[in-house]
1. For the chain, with a Gaussian network of springs between Cα atoms less than 10 Å apart, report the residue from I110, I135, I163 with the top mean-square fluctuation.
2. Can you list the lysines whose alpha carbon sits under 26 Å from that of K169, skipping same-chain ones fewer than 8 residues off?
3. Using a 1.4 Å probe, how large is the accessible area of D60, given in Å² and rounded to the nearest 10?
4. To the nearest 20 debye, what charge dipole does the range 77-132 have about its Cα centre, counting +1 at the Cβ of each Lys and Arg and -1 at the Cβ of each Asp and Glu?
5. Please work out whether the range 6-153 counts as rounded, prolate or oblate from its C-alpha gyration tensor, where a ≥ b ≥ c are the square roots of the eigenvalues and a/c under 1.5 means rounded, while otherwise a/b larger than b/c means prolate and anything else oblate?
6. Residues of the chain: accessible area per residue at 1.4 Å, in Å²?
7. As I understand it, the dipole of the chain uses +1 on the Cβ of Lys and Arg and -1 on the Cβ of Asp and Glu, about the Cα centre. Which of A47, N79, N132 lies farthest toward its positive end?
8. If ligands, DNA and RNA are left out, what is the accessible area of S127 with a 1.4 Å probe, given in Å² to the nearest 10?
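The values are calculated or read from the model by the stated rules, or taken from the named source; none is laboratory data. Please read all numbers here as calculations on a predicted model, not as lab measurements. Cβ atoms come from the backbone with ideal geometry, glycine included; neighbour counts cover every protein chain shown. Accessible surface areas use protein heavy atoms only, side chains included; no ligands, DNA or RNA. Shrake-Rupley method; radii C 1.70, N 1.55, O 1.52, S 1.80 Å.
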Amino acid sequence: MSKLYNTPQNFASSFNKFLKYYVPFIRKNQLNILPHIIWGMINAKAAVASDIAKHLKGFDFDNVQFNSKVKRIRRFFNNNLFDPINFYDYIIKHVIANYKKKHKNNRVHIIFDHMFSHDNYTVFMISMRIGNQGIPLWFRCFKGKPDDAYQESLILEGINYVINLFKNKSYKLIFLCY
C-alpha cells in the first residue's frame with residue numbers, strides 16, 4: 001500500500017505549475033510566493049499575516065525570520081500589481097468548467113452572504129453550496145461597514161456573473177438568501 005504525503009514543497013511546486021498554466025498573467029515573483037501563502041492559509045487558524053507566516057515552510061522560508069515572513073505576506077497582498085479579484089476569476093472559471101454534478105437533479109444552490117469584522121471590513125459573497133460547504137463564486141470587499149455592500153447594482157452584477165459561469169451547463173440555478 002502506498003501513501004500520498006503532501007509536503008509544503010510538493011504542494012507549492014504542483015500549485016505553481018497549475019498557476020502557470022491557468023493564470024497566465026501572474027508575475028514570476030508572485031508565482032514564487034503565492035503557493036506558500038495559500039499553504040499557510042490552509043493550515044492557519046485565521047487569515048492574518050502573522051498566523052499564515054507561522055505555517056510557511058520550505059526552502060524559501062526555512063532560514064527567514066518570522067517578521068520578514070509577515071512583511072513578505074503583507075507586501076504581496078498590498079502590491080498594486082496583484083489583482084485578487086481577477087486572479088480568483090481565472091481560478092473559479094476553471095473550477096466551474098470542470099464541475100460535474102453527482103446527483104440526478106440538476107439543481108445548484110447559490111447563496112448570498114455578507115460577512116463583517118467589527119468595523120474593519122465587509123465582504124459580500126455569492127457561493128455555491130455543496131453539502132454543508134460553500135465554494136465562493138464571486139465576492140467584493142469593502143472597508144468598514146459601507147452601504148455599497150447592499151446596493152442593488154452590486155447584487156445584480158454578482159447574479160449575472162454567476163449565471164454566466166453556468167451558461168454552458170444544463171443546471172438549474174436556485175438563488176438562496178438568508
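1. Of I110, I135, I163, the Gaussian network model singles out I163 as fluctuating most.
2. Excluding near neighbours in sequence, the set is K93, K100, K101, K102, K104.
3. For D60, the solvent-accessible surface is approximately 50 Å².
4. In debye, rounded to 20, the range 77-132 gives about 680.
5. It comes out oblate by the Cα gyration axes.
6. 68 Å²
7. Of the candidates, N132 comes out farthest on the positive side.
8. Solvent-accessible area, nearest 10 Å²: 10 Å².
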